[in-house]
Amino acid sequence: MFCNQCEQTNKGVGCTTVGVCGKTAEVAVLQDLLLHELKGIAAIAVAGEKAGVVDHDAQVFTAEALFTTVTNVDFDAEHMADVIVQGAEVKRALREKVEAAGAEVPAAPGVDFEPAHDIPGMVAQGEAVGIFSDHSRDENVQSLQQTAVYGLKGLAAYADHARILGHEDPAVYEFMHELLAALEDTSLSREDWIGLVLKTGEVNLRVMELLDAANTGAYGHPAPTSVPLGHRPNKAILISGHDLKDLADLLEQTEDRGIDVYTHGEMLPAHGYPELKKYPHFYGHYGTAWQNQRKEFDEFPGAILMTTNCIQNPRDTYAANIFTTGRVAHPAATHVANGDFGAVIERALELPGFTDEVDGGSVTVGFGRNAVLSVAPAVIEAVKSGAIRHFFLVGGCDGAKPGRSYYTDFVDQAPADTVVLTLACGKFRFFDHQLGEIGGIPRLLDVGQCNDAYSAIKIALALADAFGVSVNELPMSLVLSWYEQKAVAILLTLLHLGITDIRLGPTLPAFITPAVLQVLVDEFSIKPIGASASEDLTAILG
Ligand code: SF4
Ligand code: SF3
């Protein structure tokens, strides 16, 4: 196996025997094989598009399959093999349609691929195609290809969430196929690939817009909402991940069942949505970021539902309590499908639940674009009067590395006349810190999940508009933390928007070569986070 797609990759180079995330070599190689198959589907789809063939099954399969390969989503070799077999069916049907339309099916890799009949056979096939293992290729082109493909995986995850709520754009699927097919086009230069990397960011912006419309359309605009961090006596279900439709279905199915629903990780901001918070049994938030789950899940007295990344290898002690749905799969967890959470509810009723009342304090969520922009005049006035000197967007993923304490320090040390906007799971480093207010405006504003990056972008664009400047001229700095491929997608969107001077950490991606990094530095003044938060604060604030 060789995998370098996330921030915690082994020795900052690549995981080669087993993933630092716990992914087995078998699963990693099957992921490579799935990507190989997707390249074949993409090549046929691109040929079909020219003949007017649009195959929605192939489009959806491509997005779902890419999402399956995102870090901490699918650890199950059998599930991965099933996806590959399903892909072969999708490819066959697509090919028939394209040939019937008179289009020529290209002789590209992956087009004629047929999966072996068992997992060892597929693993042998996967080892032979080892994506990105062709070292005869220009290393900078390969670096850019990896950047684009990893960004595409994140984009696909967001597109999948939006589709589930009925929001799609054919142009998004067309781009997925265009990019995957381009991987086999050896005529493309470094400059071509820089273009495709930035186009991935551009298309991801459209996807995030679709997702924003999907979430707010279905559940309303998030409003500031206080969320208890303690618990109360009752049976309990913990729901983690990003999928709001799964949460809505779970809330509906647990109504009047004597069960309280708690959020975990990236599900925290869901408490701000009117159509979700209307349920009295949608009680509070439990635990912190994904990398602490093995300890925290062990102590949770109810059933646990993982809707998206980030799942870790469950401990035996709670394996019987953990369920996966959607693209998530783990051989130690029970998978439930089609929005039917009966098995999760049954398990929650068997378990003791919380038996005491604990006041763990609270946090306030729900500062999406609607809420923040409704107080825009006060914010603008505060900036003009000097009460607010600077905004920081401290957002992105969390992870286990000690260097991530930089973000905690950064927020804690940000001067009292600055405001911190945050989103995604990196916030768990400081989400319950009391930063106070500036003239009634909270100094810490939780914009939402990583899935809500569109909201943060809208806020920045609206402020820029109000001050008549570009986003880069705003008194605002972006201090980002990355871990997995959704963060790559968002970073590419920010670059597409021309946003400069982003500080990125805790380490730079292993898949970025020095030459590609130089392009990012020259064009976008991107920089790694410094050794200390206080030095960076001084540098930013002058
Ligand atoms: Fe390693 Fe990250 Fe790949 Fe897991 S996803 S195998 S930790 S690079
Ligand atoms: Fe987090 Fe996994 Fe990236 Fe949604 S849940 S931000 S890491």
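The values are calculated or read from the model by the stated rules, or taken from the named source; none is laboratory data. Remember, predicted model here, so these are calculated numbers, not experimental data. Every residue, glycine among them, receives a Cβ derived from its backbone with ideal geometry; neighbour counts consider all protein chains shown. What goes into the accessible areas is simple: the full protein's heavy atoms, side chains included, and nothing from ligands, DNA or RNA. Shrake-Rupley method; radii C 1.70, N 1.55, O 1.52, S 1.80 Å.
The peptide list 194-203, 166-175, 430-439, put in order of mean Cβ contacts within 10 Å with the highest first, becomes 194-203, 166-175, 430-439.
Residues whose amide H comes within less than 5 Å of that of ALA236, counting only those at least five positions distant or on another chain, are ASP260, ALA303, GLY353, PHE354 (H built at 1.01 Å from N in the peptide plane). What FRET efficiency, computed as 1/(1 + (r/R0)^6) with R0 = 22 Å and r the Cβ-Cβ distance, is obtained for ASN10 and GLU127, rounded to the nearest 0.05? The pair ASN10/GLU127 has a calculated efficiency of 0.75. Using alpha-carbon positions, what is the distance between the centroids of segment 81-130 and segment 339-410, in Å? Between the Cα centres of segment 81-130 and segment 339-410 lies a distance of 43 Å.
At 222 nm, what value in deg cm²/dmol follows for the chain if DSSP H runs of at least 4 each add -39500 (n - 2.57) and the sum is divided by all its residues, to the nearest 500?
So the helix-based figure for the chain works out to -14500 deg cm²/dmol.
Rolling a 1.4 Å probe over the protein chains gives GLU139 an accessible area of about 120 Å².
Stretching the chain fully between GLU252 and ASN292 yields a gain of 11.6 nm (0.36 nm per residue, less the alpha carbon separation). How big is Rg to Rh over segment 235-350, alpha-carbon atoms, Rh as the Kirkwood inverse-mean-distance radius? Radius of gyration relative to Kirkwood radius: 0.91.
If R₀ is 35 angstrom, what is the calculated FRET efficiency for the pair SER226 and VAL60, using the beta carbon separation as r and rounding to 0.05? Please report the intermediate quantities before stating the final value.
On the way: r = 38 Å, r/R0 = 1.09.
That pair, SER226 with VAL60, gives E of 0.35.
Look at the alpha carbon pairs under 8 Å that are at least 6 residues apart: their mean separation over the length of the chain gives a relative contact order of 17 percent. Each label point was placed 7 Å from the Cα along the Cα-to-Cβ direction; for ALA531 and ASP82 their separation is 5.2 nm. Report note on the peptides 351-363, 204-216: ranked by the mean count of other C-beta atoms within 10 Å, highest first, their order is 204-216, 351-363. Set the Cα radius of gyration of segment 368-541 against 2.2 N^0.38 Å, with N its number of residues, and you get 0.98. Using heavy atoms of the protein chains and a probe of 1.4 Å, the accessible area assigned to LYS295 is about 120 Å². Of the residues GLY201, CYS397, HIS167, the one whose Cα sits farthest toward the positive end of the charge dipole of the chain, with +1 on the Cβ of Lys and Arg and -1 on the Cβ of Asp and Glu, is CYS397. Each 10 Å bin from zero holds the following percent of Cα-Cα pairs in the chain: 4, 19, 29, 27, 16, 5, 1. For a test of the definition: using alpha carbon positions, the gyration tensor, and the 1.5 limit on a/c, classify segment 1-104 as rounded, prolate or oblate. Cα axes put segment 1-104 in the prolate bin. Using alpha carbon centroids, what distance separates segment 442-465 and segment 1-23, in Å? If you average the Cα positions of each part, the centres end up 32 Å apart. Between HIS335 and GLU299, the simple label model (points 7 Å from Cα in the Cβ direction) yields a spacing of 3.2 nm.
Where the centroid of each part is defined by its Cα atoms, how far is segment 417-440 from segment 269-311 in Å? Segment 417-440 and segment 269-311 have Cα centres separated by 20 Å.
Relative to its Kirkwood radius, the Cα radius of gyration of segment 278-405 gives an Rg/Rh of 1.08.
Decide, for segment 187-300, between rounded, prolate and oblate: order the square roots of the alpha carbon gyration tensor eigenvalues as a ≥ b ≥ c, take rounded if a/c falls under 1.5, and otherwise choose prolate if a/b is larger than b/c, else oblate. Taking the square roots of the gyration eigenvalues as a ≥ b ≥ c, segment 187-300 is prolate.
Please sort 67-78, 93-104 by packing, taking for each peptide the average over its residues of neighbouring beta carbons within 10 angstrom, highest first.
Working: 67-78: 23.5, 93-104: 15.6.
Ranked from most to least packed, the peptides come out as 67-78, 93-104.
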